[in-house]
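> Please find one structure pasted underneath; my questions will follow.
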Amino acid sequence: MKGMTPIVKVVARIVGGFIFIYGCYIVLYGHLSPGGGFAGGAIIAACFILSRLAFGTTASQEKSASISSSIFESTGGLLFLLIALLGLFVGGYFFINLFPSFGTPGRLVSAGSIPFSNIAIGIKVAAAILSIFVVLASTKYIFKE
Amino acid sequence: MLELIVLLIFMIAAGIVAVEIRDLLASVIALGAVGFAVAIGFIMLAAPDLAIVQIVIEVLSVVFFVAVILKTTHVDSTLGRPYKGEDVFTFVVFGLFALAFVYFGVRLLINLAPMSRELGQVASHYLTQGLTETGAVNRVTSVVLDYRALDTLGEATVLFTAVIGVLAVLRLEGRKK
């Protein structure tokens, strides 16, 4: 794929980083403001999809992106499960919040293991949506052969 | 409440347009209008967490559909064909299902407590004790990732299964054998 017109490329170059930072903000502040892992992960995936649509990719890039997004998705899912199992082995219950009173409520460092769960879900959702997009986009190389 | 009813009527009209129009690009745009109307409805019902997810997913799905349509074809060739015998069966089954749906929906609306006027026992516990028990200011997150975290794990598993299904159907290797 050659990519789109220069107008789209310039706009994508300016806007892409801001979209990525906004997604990270939504994930990290999920326990304070509206949002969380699912919403922030979808925004991060939208940033990657924007740059891939605007600049275009080659077959080898599609293949490496498919492998790396699969690895990130499995990592996110396993991190979320690890937080749950940590609650089981340390606190006694599956998914127990280990240190809920640590930090002051309303600040970034608070709410115990909820921010870590948000980060794990954010990685997982971003990689999942991106890997679905990459697989759908790389079918054109199958039809070309 | 009136704005919400107007929005719902707009969504039904856009849905009918999306099904009945012959140009597939216009159909996708009507589908996107339904999705953004759902997002506006979430904002009206004071659920910004859902509205953010709905807007992003709607943008992504419309982009996917438009990319597919630009690569393939604009015209829906299945519209306007004459009805056959199996279509009658579909109409009858769908009519029965719609009647049952309306009946149980009306019964549910009569018997349930009105929305967001009185809180149940569980909801009032979440609202009063949520901050001290979880430390999260956003009560939606405290429910999703602390009280009901097992449901979130199931949701993540559903997404994981969907990705595995797409990867298995559309994989690059193993096609040529």
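> Can we say A:Ala65 is closer than 20 Å to A:Ile49 by Cα, touching a helix residue (DSSP H, G or I) at 6+ places or on another chain (Cβ under 9 Å), surrounded by fewer than 23 Cβ atoms within 10 Å (Cβ to Cβ) and more than 8 Å from chain B (Cβ to nearest Cβ)?
When the stated conditions are applied, A:Ala65 passes them.
> Would it be correct to say that A:Gly112 is part of a loop (DSSP other than H, G, I, E, B), in contact with a Phe, Trp or Tyr (Cβ under 6 Å, 6 or more places away or on another chain) and surrounded by 15 or more Cβ atoms within 10 Å (Cβ to Cβ)?
So A:Gly112 passes the test.
> Another question about this same structure. Scan region A:49-62 for residues that are of a type in the set (Gly, Ala, Ser) and part of a helix (DSSP H, G or I) and jot them down.
A:Ser51, A:Ala54, A:Ala59, A:Ser60
> Something else now. Residues in region B:123-147 that are under 29 Å from the mean Cα position of the chain (by Cα) and either at the interface with chain A (Cβ under 8 Å from one of its Cβ atoms) or not aromatic (Phe, Trp, Tyr) (or both): how many?
Count: 16.
> Can you say whether A:Phe94 is in a loop (DSSP other than H, G, I, E, B), at pLDDT 75 or above and in contact with a helix residue (DSSP H, G or I) (Cβ under 6 Å, 6 or more places away or on another chain), as far as the supplied structure shows?
Yes; evaluated as a whole, the condition is true for this residue.
> Considering only residues of region B:7-45 that are without any contact (Cβ under 8 Å) to a residue 24 or more places away in the chain and closer than 17 Å to A:Gly35 by Cα, which is surrounded by the fewest Cβ atoms within 10 Å (Cβ to Cβ)?
B:Ile43
> Is region B:71-80 home to any residue that is in a helix (DSSP H, G or I), modelled with pLDDT under 90 and either over 20 Å from the mean Cα position of the chain (by Cα) or hydrophobic (A, V, I, L, M, F, W, C) (or both)?
yes
> Further question on the same structure: Among the residues of region A:32-48, what is the count of those that are assigned to a helix (DSSP H, G or I) and facing another protein chain (nearest Cβ under 7 Å)?
Result for region A:32-48: 5.
> Count, please, the residues in region B:100-129 that happen to be surrounded by 10 or more Cβ atoms within 10 Å (Cβ to Cβ) and modelled with pLDDT under 75.
1
> Among the candidates A:Gly16, A:Gly37, which residue alone is surrounded by 15 or more Cβ atoms within 10 Å (Cβ to Cβ) and touching a residue at least 60 places away in the same chain (Cβ under 8 Å)?
A:Gly37
The values are calculated or read from the model by the stated rules, or taken from the named source; none is laboratory data. What you see is a predicted model; the values in this text were computed from it and never measured. Glycine gets a Cβ as well: all are built from the backbone with ideal geometry, and neighbour counts include every protein chain shown.
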